[in-house]
Amino acid sequence: MIKRLLHSGMVCMIVSEENHEPIYPPEKNLGAKYCVAIDPLDGSSNIACNVPVGTIFGIWQRKSDSDRKAELSDILRPGREMVCAGYVLYGPSSMLVYTTGQGVHGFTYDPSIGEFILTHENLKFPKLCKCYSANESYWDWWDKGTREFIQWVRQSDKATGRPFTARYVGSLVSDFHRNLLYGGVFLYPKDSKDPKLPFGKLRLLYECAPLSFIAEQAGGKGSTGEGNMLDFVPKDIHQRVPLFIGNKTEVEKAEELIKHHNKQ
């Protein structure tokens, strides 16, 4: 995948979860137009048990002059400046979901003709949230705001359709895709379990920002729990951030509860 991108003539830099440093194309392509951040195989720990996995990507148009190698500043930019984001889900069928800022569209691979066919046009989160996705074994290490949000989604309320059903695969792209189709919110908040990972395990550039761009285009929202993910400026290509993503109302409820407890 990375080799093909580097030799496409379109990509001047790739940031990947699998590589500590940025990757650059051959010299003849150094002046190319786009920077790509990619998680080549999200959910790879689930392969052995045959759980769907996927590829997540975000694309930024470079700002630096094209007569030299791209700079880190070309990709260390807010998600709101992306020109394209998407993911490919490898499950019972293979599906590409992407946005260029003009809505979200899904294409399903048809092996009989070897092409991706438009099967889900203008995807939107359903009005009502139906489920929540979280690893609740981290309960004791979450902050009070996050725990209160989980208590809120479990409470009975007919107007909002609560309590929500718990659905957690542990593969970010799989959980996000289900919630996009059926309505739901995914959260991987910061926790105090591991001092080396105070902000959780998910990466901003090639996981949280691209999916947040898709979520916003589908009428949802991505957040750090304290603000819009798309406004967050990365300081490092592998920076980790907390993630709350899915139906907008529920994500903003999580923000409200976390901000309330942070003020105390």
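Values computed for the structure shown
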| item | result |
| --- | --- |
| Cβ pairs under 9 Å, 6+ apart, first in segment 63-90 and over 30 Å from Val51 (Cβ atoms) and β-branched (Val, Ile, Thr), second at pLDDT 95 or above and open to solvent by 50 Å² or more (accessible area, probe 1.4 Å) | Val83/Tyr34; Val83/Gln61; Val83/Thr100 |
| Residue tally, condition surrounded by 15 or more Cβ atoms within 10 Å (Cβ to Cβ), of a type in the set (Val, Ile, Thr) and farther than 23 Å from Gly79 by Cβ, over segment 96-145 | 1 |
| All positions within segment 1-29 that are in contact (Cβ under 8 Å) with a residue 40 or more places away in the chain, open to solvent by 60 Å² or more (accessible area, probe 1.4 Å) and among the aliphatic types (A, V, I, L, M) | Met1 |
| Residue under evaluation Gly246, criteria (1) farther than 30 Å from Pro22 by Cβ; (2) outside any strand (DSSP E or B), criterion not met | (2) |
| Among residues of segment 132-168, those that are of a type outside the set (Ser, Thr, Tyr) and closer than 12 Å to Lys253 by Cβ, counted | 11 |
| Candidate set from segment 42-64 (those that are among the charged types (D, E, K, R) and at pLDDT 95 or above); member that is nearest to Glu18 (Cα to Cα) | Arg62 |
| Subset of segment 177-198 [among the hydrophobic types (A, V, I, L, M, F, W, C) and either crowded, with 24+ Cβ neighbours inside 10 Å or modelled with pLDDT under 95 (or both)] | Leu180, Val185, Phe186, Leu187, Leu197 |
| Test: residue in segment 62-77 that is within 23 Å of Leu202 (Cα to Cα) and open to solvent by less than 20 Å² (accessible area, probe 1.4 Å) | yes |
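The values are calculated or read from the model by the stated rules, or taken from the named source; none is laboratory data. All of these numbers come straight from a predicted model, not from anything done at the bench. Cβ sites come from the backbone with ideal geometry, for glycine too, and all protein chains shown count toward neighbours. All accessible areas refer to the heavy atoms of the entire protein, side chains included, with ligands and DNA or RNA removed. Shrake-Rupley method; radii C 1.70, N 1.55, O 1.52, S 1.80 Å.
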